[in-house]
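Taken together, the values in this text are just the output of simple stated rules run on the coordinates, not laboratory data. Given the structure is predicted, the values throughout are model-derived calculations rather than measurements. Cβ placement follows ideal geometry from the backbone for every residue including glycine, while neighbour counts extend to all protein chains displayed.
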Amino acid sequence: MDQVSEFQLGKSPYRAPDGCIGVGGVVTTDGGRYSLVYQGRDAHLWDGSQLSPALDRDWINPHVAAAVAEVGRSAFGQAWPDSLALITGIDRRRLSGSRLEQSGLPPKVLVGLALIAASPELARAMGTLVTSTAYLSDSDVPFDQWPVMLERARKILGVMSD
């Protein structure tokens, strides 16, 4: 299979087939245009009529990881791995460059990032909103801990406003 020349979250040229989740668009070095879709945790290319065999993770994950980092920085700032870990419950270490390239992310997380990527002018606002929601939805926080939670939110927003 040809190499990936471009990958973008949320820029799928085709609607995902039944049973698959579309997360982005792939352009290969030979000029082929595909949607990157997931069936379970397996990534496939979809050309609008035929689904490829499951892709080798070593082939696609580095491109997905680069796109995740780009969208993460635009939505959450330089501390994007911390925000994404808070929002998704994924271990922060798993979001480091090499580990992200190896293990990838659940397709539903990629869909969420693709939605943010679709509106780059609103990315920072959306990132702030989902981060704030993650803090506020923590029902295990006792009432007297809300001042601590709000202070953490202020710190995160301060980092995100860089």
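The table below gives the values:
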| item | result |
| --- | --- |
| FRET efficiency, 1/(1 + (r/R0)^6) with R0 35 Å, evaluated for E121 and R15 via beta carbons | 0.90 |
| Those trypsin sites (Lys or Arg not before Pro) in region 51-104 that DSSP places in a loop and that have at most 16 other beta carbons within 10 Å | none |
| Range of Cα positions in region 51-136 per principal axis (Å), largest first | 40, 26, 19 |
